[in-house]
Amino acid sequence: MTVRTTGSHPDFLKLAKEFDKLNHFQVAIGFFGEDDAKLLMIVRANEYGITIKPKPGNKSGYLMVPYKDDKGKKGFYKLKAVTIPPRPFIKQAWERNESKYKQMILDGLDGISRGKQTALGLLNKLGVESVKDIQESAVQLRNPKNAPLTVENKGSDNPLVDTGELERKVTYKIISA
């Protein structure tokens, strides 16, 4: 965006319009799941924790959890419940980077006032940076550790990393406020 000046005065109408956009748009960051309710369930279960029990009416009273042993033989473990502890990778990303985001906003407001940045450019920059921070948080999270059964089935002990889908699916959108 180039701000025209009249003599030494910037085009205040353009500046006002850019600043007004910040009242009408916001950046939403996370997992939107329009096509993937299963992913949203996994994200919620890991961010907040959950205990999974057999459905009412399940005659056996057990969850059947598949496994494959080191010789390739498949089977099922019978479990009364599975507890996934909270692994708040989204909350941790925010807490670790809150001051950085505040500084990005202040710098962006300064850039807008100087005609060197747009409101939507600022929101996009915040979105890109926040997505990167959530991805890093998911990859770096190590505690609480996976249960031994999970490690056995997954083949690794990184709690939030398996296929890479979780990191790939975090995104952002610019939405109307």
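The values are calculated or read from the model by the stated rules, or taken from the named source; none is laboratory data. Remember, predicted model here, so these are calculated numbers, not experimental data. Every residue, glycine among them, receives a Cβ derived from its backbone with ideal geometry; neighbour counts consider all protein chains shown.
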### Query
Quick check, is V161 at pLDDT 90 or above and surrounded by 14 or more Cβ atoms within 10 Å (Cβ to Cβ)?
no
### Of the criteria (1) surrounded by fewer than 19 Cβ atoms within 10 Å (Cβ to Cβ); (2) among the β-branched types (V, I, T); (3) closer than 26 Å to F89 by Cα, which one T118 fails
(3)
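Here is a list: G127, G155, G108. Which entry is farther than 21 Å from E47 by Cβ and modelled with pLDDT of 90 or more?
G108
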### Count of segment 79-90 residues which are more than 30 Å from D133 (Cβ to Cβ) and outside any loop (DSSP other than H, G, I, E, B)
1
### Message
Quick check on this structure: which one of F31, F19, F25 is of a type outside the set (V, I, T), within 30 Å of G115 (Cα to Cα), out of contact with any strand residue (DSSP E or B) (no Cβ under 7 Å at 6 or more places or on another chain) and in the same structural domain as V170 (by TED's automatic domain parsing)?
### Response
F19
### Query
Which one of V151, V139, V131 is within 18 Å of the chain's Cα centre (by Cα) and either over 30 Å from E18 (Cα atoms) or surrounded by fewer than 17 Cβ atoms within 10 Å (Cβ to Cβ) (or both)?
V139
### Query
Taking segment 128-168, which residues are outside any helix (DSSP H, G or I) and among the basic types (K, R)?
R142, K145
### Query
Of everything in segment 80-94 that's in contact with a strand residue (DSSP E or B) (Cβ under 8 Å, 6 or more places away or on another chain) and crowded, with 18+ Cβ neighbours inside 10 Å, which residue is farthest from Y62 (Cα to Cα)?
I90
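Say whether the condition of being farther than 30 Å from D69 by Cβ and free of Cβ contacts under 8 Å to residues at least 24 places away in the same chain is met by at least one residue in segment 130-138.
Yes; the residues of segment 130-138 include at least one that is farther than 30 Å from D69 by Cβ and free of Cβ contacts under 8 Å to residues at least 24 places away in the same chain.
Pick from segment 43-78 the residues that are assigned to a strand (DSSP E or B) and more than 30 Å from V170 (Cβ to Cβ): which of them is nearest to the chain's Cα centre (by Cα)?
Taking the candidates together, the pick is M64.
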### Task
Being at pLDDT 90 or above and in a helix (DSSP H, G or I) is the filter here, so list the residues in segment 20-39 that pass it.
D20, K21, L22, N23, H24
